Amino acid sequence: MRFGTKAIHAGVEPDPSTGAIMTPIFQTSTYVQAAPGDHKGYEYSRTHNPTRTALQKALAALENGKHGLCFASGMASIDAVIKLLAPGDEVVSTNDLYGGTYRLFTRIFEGFGVKFRFVDMTDPAHVAKAITARTKLVWVETPTNPMLNIIDIAAIGALAKKAGAWLGVDNTFASPYLQTPLDLGADIVMHSVTKYLGGHSDVVMGALVVKDDVLHERLAFIQNSCGATPGPQDCFLVLRGLKTLHLRVQRHCENGAVIAEFLAAHPKVDKLYWPGLPTHRNHDVAKKQMRGFGGMISFTLKGDRMDDATRVLASTKLFSLAESLGGVESLLGHPASMTHASIPREERLKSGVADTLIRLSVGLEDKEDLIADLRQALG
Ligand SMILES: *Cc1c(COP(=O)(O)O)cnc(C)c1O
């Protein structure tokens with residue numbers, strides 16, 4: 001099956017008791033057994049729930065994997081991956097990481113004796129140098145936030161494999177419509193389902209997809225033992241969101257391209273970061289591993305005055321000032337004062353997060369209206 005067909009049909013079947021075409025919301029904590037241990041595959045909803053099962057199957061199909069596992073948030077899904085490790089184990093990760101992931105690694109798991117090394121992964125040589133005999137996991141995020149750097153998944157995957165380490169990829173920014181890391185050598189693909197997969201800014205959820213049966217068994221054991229599982233209502237909403245994932249992401253890409261072009265030609269815009277531009281520093285890698293370039297765009301204003309950025313952020317009418325991304329509505333944010341406020345200014349500037357950097361999550365509104373909104377706000 002192709003992507004759009006899978007988005008609509010994978011994992012879901014008409015309900016056998018009624019014929020309902022939509023997977024019911026199985027709002028139940030437990031399941032009646034005919035005799036001790038004689039049940040229909042469901043005992044308790046932390047462990048299994050039919051609505052969640054349908055979603056997990058759908059996600060596995062979309063990522064070209066075999067097993068899906070859903071969690072209460074994106075962070076809970078990464079938390080489960082690190083629990084595969086033991087004190088003394090090492091992780092090599094990108095220095096341009098989602099802030100919440102950096103916090104989980106350094107403020108929680110370093111305390112349990114796991115060691116993290118953060119390197120610029122746009123050059124695989126840095127990864128090769130950071131891998132040691134104790135490296136058990138390489139953790140990649142691409143495109144990165146907010147600089148939209150692109151990391152070569154296949155190149156990093158080869159290095160991880162040689163070292164006997166797992167490769168995990170946070171695929172949140174791309175979505176499986178644009179990029180399927182398991183096809184490029186990843187062992188684990190992770191999503192903040194909250195973003196493009198849910199797609200309607202109404203659910204917080206996370207997911208992992210793997211191919212390997214043993215790895216799945218270990219992660220399912222962690223999922224059930226630690227218990228950060230989502231409820232059936234949220235699973236239903238994501239199943240509904242998935243049915244239009246291909247259409248939504250196509251439109252995110254189209255709008256993204258038009259807005260990137262508009263911004264590139266605007267006299268007040270200094271630097272523009274969108275992997276679809278031939279001038280983007282990792283455009284060749286993006287072209288190789290992605291099927292489109294998405295609706296996430298970052299740009300800076302000429303002149304380096306934070307006030308100028310603040311004025312733009314306060315002036316848009318369609319683009320709402322908010323954290324998060326990947327929903328139908330357009331959002332914009334100011335990394336220096338929002339997501340990256342806790343990082344010292346010097347360090348932030350080194351990684352490109354300038355005072356005037358603005359990040360757009362381009363939504364699905366009509367492109368003419370979005371451009372008119374940005375034109376008046378920049379003016
Ligand atoms: C939002 C996000 C997360 C965290 O997911 P939550 O659902 O908010 O817990 C992780 N990685 C990336 C790239 C994200 O954008």
Would you compute, from DSSP H runs of 4+ residues alone, the mean residue ellipticity of the chain at 222 nm, taking -39500 (n - 2.57) per run and dividing by the full residue count, rounded to the nearest 500? -10500 deg cm²/dmol
Please identify the trypsin sites (Lys or Arg not before Pro) of segment 255-348 that satisfy two criteria: DSSP loop assignment and at most 12 other Cβ atoms within 10 Å. Which are they? ARG305, LYS317
Can you work out the base-10 log of I(q)/I(0) for the chain at q = 0.09, 0.11, 0.13 1/Å, using the Debye formula on its C-alpha atoms alone? -0.52, -0.77, -1.06
At q = 0.18 Å⁻¹, what is the base-10 log of I(q)/I(0) for segment 266-334 according to the Debye formula with one equal point scatterer per Cα and no solvent? Please give it to two decimals. -0.83
Percent relative contact order for segment 261-341, counting Cα pairs under 8 Å at least six residues apart, stands at 20
For ASP304, project a label point 7 Å along Cα to C-beta. Then give me every residue of segment 256-286 with its amide nitrogen under 17 Å of that point. 269-272
Under the rule a/c < 1.5 gives rounded, and otherwise a/b versus b/c splits prolate from oblate, where does segment 233-379 land using the Cα gyration tensor? rounded
Cβ density ranking, 10 Å radius, fewest first, applied to THR122, THR28, THR194 yields THR28, THR122, THR194
Quick check: residue separation of HIS200 and LYS268 times 0.36 nm, minus the Cα distance between them. What number comes out in nm? 21.3 nm
With 10 Å bins from 0: P(r) over segment 1-85, alpha-carbon pairs, percent: 15, 38, 35, 12, 1
Using 7 Å Cα-to-Cβ label points, what is the ARG345/SER29 separation (nm, one decimal)? 5.2
In what sequence do ASP38, ASP270 fall when counting other Cβ within 10 Å, fewest first? ASP38, ASP270
Local net charge near ILE222, Cβ-Cβ under 14 Å (Lys/Arg +1, Asp/Glu -1): +1
So for segment 62-127, considering every pair of alpha-carbon atoms, how many percent are separated by more than 20 Å? 37
Two-site label geometry, LEU321 and ALA20: point separation in nm, points 7 Å out along Cα→Cβ: 4.3
Exposure proxy check: GLU346, GLU63, GLU217, GLU254 ranked by fewest other beta carbons within 10 Å? GLU346, GLU217, GLU254, GLU63
So what's the angle, to the nearest 10 degrees on a 0 to 90 scale, between helix 245-264 and the longest Cα principal axis of the chain? 10
At 37 °C in a medium of viscosity 0.692 mPa s, segment 189-317 has a Stokes-Einstein diffusion coefficient, with Rh taken as the Kirkwood radius over alpha carbon pairs, in µm² per second, of 184
Per the C-alpha gyration tensor (a ≥ b ≥ c, the square roots of its eigenvalues), segment 132-223 is rounded if a/c is under 1.5, else prolate if a/b beats b/c, else oblate; here it's oblate
On a 0 to 90 degree scale, rounded to 10, what angle separates helix 153-163 from the longest Cα axis of the chain? 60
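Only the coordinates and a few stated rules stand behind these numbers; no lab work does. Every value quoted in this text rests on a predicted model; they were computed, and no experiment measured them. Virtual Cβ from ideal backbone geometry, glycine too; neighbours counted across all protein chains shown.
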